[in-house]
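Peer 1: The structure is given below, and queries will be raised subsequently.
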Amino acid sequence: MQKTILLLFLVFQNLLWSQSFELVPLGVYGGGDESNLSAYLIGEPGRNEFLSLDAGTIRAGIRVALAQKTFDTTEETVLKSYIKGYFISHGHLDHVAGLIINSPDDSKKNIYAFDDLIDLFKKHYFTNGTWSNFANEGDGPILNKYRYISLEKGRKQPIENTALSVEPFELSHGEYSKSAAVFVENSQGDVVLYLGDTGADRIEKSEKLALLWQRAAALIQSKKLKAVMIEVSFPNSQPETALYGHLTPRLLQEELQSLENLAGKGSLSQFKIIVTHLKPGGNQIELIKGELEANNELGVDYHFPKQGERLLL
């Protein structure tokens with residue numbers, strides 16, 4: 001029995017170290033369930049040094065991960081020690097609520113974001129009117145727990161206390177909101193692309209995704225891009241006039257076709273697309289999944305992450 005357990009452990013360790021990234025979703029939905037909102041821990045396998053990609057749900061997601069034995073430690077250790085920083089794509093509550101609510105119990109770390117998002121934190125979240133100021137700038141008293149790190153479009157930024165770096169790009173997310181994406185790079189030069197909420201270029205009358213796909217296509221051609229994490233919030237029945245800066249399966253497939261046009265025919269066959277920000281309600285999630293799979297002409301490998309379950313990339 002002990003030999004079997006040891007063998008299984010060694011097999012798992014070999015699998016772990018053969019992968020480029022470890023991804024642990026703390027929340028996967030785009031609203032509708034405050035205990036399961038957009039937040040994904042990403043890091044190199046086995047190091048327990050994670051950047052949180054958005055932070056809609058933190059503590060509830062950690063508890064699920066612990067219950068599923070994804071982490072073999074305490075809730076406090078994951079929150080204070082494993083999470084080394086937060087990348088925040090935009091200021092909607094389903095992407096920041098977990099960070100704000102858990103700030104009194106968190107440890108010192110950085111918040112990485114574009115300047116307009118940092119300004120939003122200063123004016124609306126970490127203020128005496130809505131909360132306390134746990135950051136290093138803004139209204140006094142300043143508690144100085146979090147440090148704002150301003151990102152610049154297309155400029156690589158190291159993530160402190162990890163071997164990761166991020167390269168940010170702007171996204172278009174409806175008429176009244178901006179959003180952001182980051183290429184997350186590990187110590188070996190492998191990359192995962194994470195997008196916050198985004199509309200399609202055709203609907204947004206934008207070229208934000210077209211610019212992002214140019215960078216992604218080069219990484220696909222060099223075999224460095226391991227996965228794209230991108231939202232699909234609504235089924236195809238949602239009117240294009242009522243998307244509010246989000247994607248449907250049809251629009252995602254349009255955008256992926258644009259990416260393949262740049263990367264080369266067949267380049268997305270079995271390529272990992274991790275679908276985020278599904279909005280629950282009725283049978284909507286099942287409908288979205290069915291529409292994606294039924295019209296998968298590019299042959300991509302769709303993944304639908306589950307809260308607390310580790311995914312190796």
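Peer 1: For Lys109, which lysines qualify as cross-link partners when the Cα separation must be under 18 Å and same-chain residues fewer than eight apart are set aside?
Peer 2: Those lysines meeting the cut-off are Lys80, Lys84, Lys122, Lys145.
Peer 1: I've got another one for you. Test of understanding: ordering Ser107, Ser206, Ser89, Ser237 by Cβ neighbours within 10 Å, fewest first, what list do you get? List each step's numbers first, then the result.
Peer 2: Values: Ser107 12, Ser206 17, Ser89 28, Ser237 9.
Fewest-to-most Cβ neighbours within 10 Å comes out as Ser237, Ser107, Ser206, Ser89.
Peer 1: Calculate, in nm to one decimal, what Asn236 and Gln270 gain on full extension: separation in residues at 0.36 nm each, minus their alpha carbon distance. Please list the in-between numbers first.
Peer 2: Numbers: separation 34, 0.36 × 34 = 12.24 nm, distance 2.31 nm.
The Asn236-Gln270 span can extend by a further 9.9 nm.
Peer 1: Put a dot 7 Å past each Cα toward the Cβ at Ser132 and Asn295; how far apart are the dots in nm?
Peer 2: About 5.0 nm, to one decimal.
Peer 1: Comparing His303, His277, His90, which has the greatest mean-square fluctuation in the GNM of the chain with Cα pairs linked when under 10 Å apart?
Peer 2: Most flexible of the set in this elastic network: His303.
Peer 1: Additional query: For a quick check: sort Asp190, Asp94 by the number of other beta carbons within 10 angstrom, fewest at the front. Could you put the intermediate results ahead of the total?
Peer 2: Values: Asp190 19, Asp94 25.
Ascending Cβ contact count within 10 Å gives the list Asp190, Asp94.
Peer 1: For the pairs Lys153/Lys223; Lys108/Lys279; Lys156/Lys224; Lys224/Lys265; Lys226/Lys279, note any where the Cα-Cα span goes beyond 21 Å. Please list the in-between numbers first.
Peer 2: Values: Lys153/Lys223 23 Å; Lys108/Lys279 32 Å; Lys156/Lys224 16 Å; Lys224/Lys265 17 Å; Lys226/Lys279 25 Å.
Too far apart for the 21 Å limit: Lys153/Lys223; Lys108/Lys279; Lys226/Lys279.
Peer 1: Let me ask you something else. Describe numerically, in nm with one decimal, the distance between label points set 7 Å from Cα along Cα→Cβ at Glu175 and at Lys153.
Peer 2: 2.2
Peer 1: Further question on the same structure: Before rounding to the nearest 500, sum -39500 (n - 2.57) across all DSSP H runs of length at least 4 in the chain and divide by the residue total; then give [θ] at 222 nm in deg cm²/dmol.
Peer 2: On the way: 8 runs with 85 residues, N = 313.
The helix-only estimate for the chain comes to -8000 deg cm²/dmol at 222 nm.
Peer 1: Can you list the chymotrypsin sites (Phe, Trp or Tyr not before Pro) in segment 144-207 that are in a DSSP coil and have 10 or fewer other beta carbons within 10 angstrom?
Peer 2: Numbers: sites: Tyr146, Tyr148, Phe169, Tyr176, Phe183, Tyr194; in loops: Tyr176.
Within segment 144-207, the qualifying chymotrypsin sites (Phe, Trp or Tyr not before Pro) (loop, at most 10 other Cβ atoms within 10 Å) are Tyr176.
Peer 1: Another question, then. Taking the Cβ of Leu311 as the center, what net charge do the other residues with Cβ under 10 Å away carry, scoring Lys and Arg +1 and Asp and Glu -1?
Peer 2: On the way: positive: Lys272, Lys306, Arg310; negative: Glu22, Glu309.
Computed value for this residue: +1.
Peer 1: If you take every DSSP beta bridge whose two residues both sit in the chain, what share of them, in percent to the nearest 5, is antiparallel? Intermediate results must be reported in sequence, preceding the final value.
Peer 2: Details: 25 of 51 bridges.
So the antiparallel bridges amount to about 50 percent of the total.
Peer 1: Asp139 to Thr73: FRET efficiency via 1/(1 + (r/R0)^6), r the Cβ-Cβ distance, R0 41 Å, to the nearest 0.05? Spell out each step's value before the answer.
Peer 2: Details: r = 35 Å, r/R0 = 0.85.
The computed FRET efficiency comes out at 0.70.
Peer 1: Now for a different question. Check each of the GluC sites (Glu not before Pro) in segment 129-217 and keep only those in coil by DSSP with at most 16 other C-beta atoms within 10 angstrom; list them in order.
Peer 2: Details: sites: Glu137, Glu152, Glu160, Glu170, Glu175, Glu185, Glu204, Glu207; in loops: Glu137, Glu152, Glu160, Glu175, Glu207.
When the GluC sites (Glu not before Pro) of segment 129-217 are filtered for loop state and at most 16 Cβ neighbours within 10 Å, Glu137, Glu152, Glu160, Glu175, Glu207 remain.
Peer 1: Here's another thing I want to ask about it. Which of the trypsin sites (Lys or Arg not before Pro) found in segment 127-156 are in a DSSP loop and have at most 11 neighbouring Cβ atoms, other than their own, within 10 Å?
Peer 2: Lys153, Arg155
Read-outs: derived from the displayed coordinates by stated rules, not from any lab. Remember, predicted model here, so these are calculated numbers, not experimental data. Backbone-built Cβ (ideal geometry, glycine too); neighbour counts: all protein chains shown.
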